[in-house]
Amino acid sequence: MATLVHTLVDHSDDVNYCAFSSSCLATCSLDKTIRVYSLNNFTELPYSPLKGHTYAVHCCCFSPSGRVLASCSTDGTTMLWDAGDGQVLAVLAQPSGSPVRVCRFSPDSTYLVSGAADGSLILWNMQSLKLYRSGNVKDGSLVACAFSPNGNFFVTGSSCGDLTIWDDKMRCLCNEKAHDLGVTCCDISSQPISDGEHGFTYFQMASCGQDNQIKLWLILFADFLGVELKYKCTLNGHSAPVLACAFSYDGQMLVSGSVDKCVIIYETTTGNTLHTLSQHTRYVTTCAFAPYSPLLATGSMDKTVNIWHFDLKQPCAANTVENESKVAVEDWSEDDVSAWLCAQDLADFVGLFKRNNIDGKELLNLTKESLANELKIESLGRRSKVLQKIEELRMKMTSVTVPDEFLCPITRELMKDPVIAADGYSYEKDAIENWISNKRRSSPMTNLPLPSLVLTPNRTLKMAIGRWLETQQK
């Protein structure tokens, strides 16, 4: 179920793009401004709107930390703003002076890519704020860009219909004709998947275009194989050019917006349509999922941005895979292990574990010797971190399963002093107080504003937890 919870009506012209950080939403427009809103209550921040571009703003994006906001414009510049106070940090001029249509940060914030209408592509060094590398697509304007989660490569899309894969040295690795009438947008899922055939790890990419189509692709990046781009399938549903597409943070959903004024949310594993949203009155130009909460933003030529809240199959807190999965660790597939690695900030080991066919049973049997001698992990610190995470898994396997209703939704630990918040959910008192003290006035479970900050002791739940603990001690 997707519910419209708020509509932003501050822009005076077409909305071109919207982007989330963990706490804010940024939108940009033909009206030359960027506006920034708090996710707590969707109010505009005091320093917003940001004014500095002299022509239309086409794209905006937050750095992975959320501290820097980038925007690019027809005026031929990409501007960097402090997301805390709105101050201008830098103005990066496209050397050709061509209108800049798209900008993206690399996952580690080392680089910023800017792509322009003349096909020029600049890789900026974010430490020196100087040009690091430059390139050009062979034809058309650059209108789309997406980085791989590991930062090893990025993809650009052009108005001539090509998808091009580049490495971080700006070397062209692969080029594919994807959409006959031109690419409009592309995105890469943050979650790796397996091809199920060769044991390699793929990244899933979506592209959309003027041909009314959304295409799903699989990208394999390996030093010894180069880059392979494989067409997976086409998602149907739109009756006009598709202008935007974006994956949810867990990669389970894909959203698209179209000239047909509709927004469609797909389930990526099946390609089935989950929701069709038709509240915009003109072309839908942009759509984005929030990274850690069940929110979706859609922007349109009707000058509005709609904020949607949708039901999740899993809790909206970023729990690790062992909390989410009902499958015993020893029965994990290689894909389950890959997802676990990503949840432990060990995503750079996904390819290595895949090549060695590490499933749940193999994972639990890993030792410091096998990590060093068989998997060839040279860094002692990295080996120690993997072993520590595996040991935590083993401990959880031997521990008693705690009823889910006894666990705090924030910490996922057994509650000692449960309280009821205004959203109707029970939390550990210290955890919800810390949540609120960090100026988060929204529900950890629904992300909707809390109508009250009053916390009521849940004595009934505390007694139930006490009785359960007594049974475990017998």
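Annotations for the structure displayed:
- Any hit, the stretch 236-248, residues being polar (S, T, N, Q) and either in a strand (DSSP E or B) or modelled with pLDDT of 95 or more (or both): no
- Residue among Ser65, Ser22, Ser12, Ser73 that alone is without any contact (Cβ under 8 Å) to a residue 60 or more places away in the chain and open to solvent by 10 Å² or more (accessible area, probe 1.4 Å): Ser65
- Contact annotation: residue pairs with Cβ atoms under 6 Å, 6 or more positions apart or on different chains, pairing a residue in the stretch 209-223 that is at pLDDT below 95 with a partner that is acidic (Asp, Glu) and not in a loop (DSSP other than H, G, I, E, B), are Leu220/Glu228.
Okay, residues lined up against (1) farther than 30 Å from Asp260 by Cβ; (2) hydrophobic (A, V, I, L, M, F, W, C); (3) touching a helix residue (DSSP H, G or I) at 6+ places or on another chain (Cβ under 7 Å):
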residue: Met126; (1), (2), (3): yes, yes, no
residue: Ser134; (1), (2), (3): yes, no, no
residue: Ala146; (1), (2), (3): no, yes, no
residue: Cys172; (1), (2), (3): yes, yes, no
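- Total residues in the stretch 27-45, condition in a loop (DSSP other than H, G, I, E, B) and polar (S, T, N, Q): 3
- Taking the criterion of being open to solvent by 80 Å² or more (accessible area, probe 1.4 Å) and modelled with pLDDT under 80, the residues of the stretch 414-446 that qualify are Asn438, Lys439, Arg440, Arg441.
- Pick from the stretch 250-284, criterion open to solvent by 20 Å² or more (accessible area, probe 1.4 Å) and part of a strand (DSSP E or B), ranking: farthest from Cys24 (Cα to Cα): Thr273
- For Leu274, the conditions (1) at pLDDT 95 or above; (2) farther than 28 Å from Ile165 by Cβ; (3) of a type in the set (A, V, I, L, M) are fulfilled apart from (1).
- Restricting attention to the stretch 290-300 and to residues that are modelled with pLDDT under 95 and of a type outside the set (A, V, I, L, M), the residue that is nearest to the chain's Cα centre (by Cα) turns out to be Pro291.
The values are calculated or read from the model by the stated rules, or taken from the named source; none is laboratory data. Computed from a predicted model, the values in this text were never measured in an experiment. Here the Cβ is made from the backbone with ideal geometry for all residues, glycine too, and neighbour counts use every protein chain on show. Accessible surface is based on the protein model in full, side chains and every heavy atom, while ligands, DNA and RNA are left aside. Shrake-Rupley method; radii C 1.70, N 1.55, O 1.52, S 1.80 Å.
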